[in-house]
1. Enter the angle in degrees (range 0 to 90, nearest 10) between the Cα long axis of helix 398-432 and the first principal axis of the Cα atoms of the chain, meaning the one along which they spread out most.
2. In degrees from 0 to 90, rounded to the nearest 10, what is the angle of the helix 192-227 Cα long axis to the longest principal axis of the chain?
3. On a full-extension model of 0.36 nm per residue, what is the gain between residue 332 and residue 179, subtracting their alpha-carbon distance, rounded to one decimal in nm?
4. Given 0.36 nm per residue, what is the gain on full extension from residue 186 to residue 292 after removing their alpha carbon distance, in nm?
5. Note down the Stokes-Einstein diffusion coefficient of the chain in µm²/s, whole number, using a Kirkwood radius over alpha carbon pairs, 10 °C, and 1.306 mPa s.
6. With a bin width of 5 angstrom, please list the P(r) values of the stretch 228-268 as percents of all Cα-Cα pairs, from the 0 bin to the one holding the largest distance.
7. Determine, for each peptide in 127-135, 112-120, the mean count of other beta carbons within 10 angstrom over its residues, then list the peptides with the highest first.
8. To the nearest 500 deg cm²/dmol, what mean residue ellipticity at 222 nm is calculated for the chain from DSSP H runs of n ≥ 4 alone, each contributing -39,500 (n - 2.57), summed and divided by the residues?
């Protein structure tokens, strides 16, 4: 009796548990992008790189601040011989000879404030500012790439969902057709071979549905991982997110936007500016360094000498004569790095123009395909209607009816996919032009 009650309770609870496990979360494209940016590991890595570059800039700025060093020692002496050689009297010399110095204590504090360093600090800070800017622009470029990846994954998920829905509907129609054909065969109005053809088509559609469901599962897991959601979260795309303008505009306008707005070319320009600053900083090695210095000394030589409040201050001048022949090689290397940055910027500019042309042409093609697929779908529907009418009037064969049905299925899928492809192509055009969720 107890087991019977347990079975009844389990039977009552399972439907609720299954319903909760199969909860589907509807997801718009904007929400997907928000979650993707929030959970992107690539963008988290970029934030760490920005912190590192910011730290290097702070380190460079700190070179303007004074240096303060403090040192001290306690030394145990091993019976040293002390002879001050101060021209003292024999009596004082006799007294000194009896002094035993067994330890020494001293302390030293020194401060230095840079007054002039040949502009090395100034241009070093300037160069690091540009490098920080370049790092931030690199992060912005990666953000655009992450968004585009999310858009592509969203489109794949939408297309997978459409495949499951359309093929599933076609499978239902095919199963009903098989039942009708079996009934016709039983009544003697259809041959068995035609029934086999309908059953073969049903099996093929069932296999297609299995593939579509498998693709749906993979696309869902991919999107879940990308958005930071649990892997078993079921997602439903929003067809209203597939927005794209019918008018693509002119190629020249998109190319101009790309040159003006692309973060990667701005990053190259920032690195070129940093290279200029680095060259100026290295040339500063030709100049001497000037600093304001100060020292404090305190010492105690046991039973012999005590020094306190020994303050000293002044201006210190330092010049490395070797820089006259060593700095030239450093300048040559720095100028070569600048030249590489300039050439790299030109190469990137050419690549951006090519990318803009490709993205623009692909978007125009995707818009044109939508119109073609729409016509093809209408034609496939009309062809199926006519073939069905002919079949009912014994004019068309069973194979012609089945072929018309498959052509209609393919036309429906192609039309559904074309909308997602057009949206993805438009987003790609925005990414290439540097205006994707700017």
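1. Helix 398-432 sits at roughly 20 degrees to that axis.
2. With rounding to tens, the tilt is 20 degrees.
3. Contour length minus the Cα-Cα distance gives 46.6 nm.
4. Details: separation 106, 0.36 × 106 = 38.16 nm, distance 11.06 nm.
Here the segment from residue 186 to residue 292 would lengthen by 27.1 nm.
5. D, rounded to a whole number, is 52 µm²/s.
6. Pairs per bin, as whole percents: 5, 15, 11, 12, 12, 11, 14, 14, 5, 0.
7. Values: 127-135: 20.7, 112-120: 16.1.
The peptides rank, most packed first, as 127-135, 112-120.
8. -25000 deg cm²/dmol
Coordinate-derived values only; no laboratory data. Note that the structure is predicted; figures quoted are calculated from it, not measured. Cβ coordinates were reconstructed from backbone atoms using ideal geometry, including for glycine residues, and neighbour counts include every protein chain displayed.
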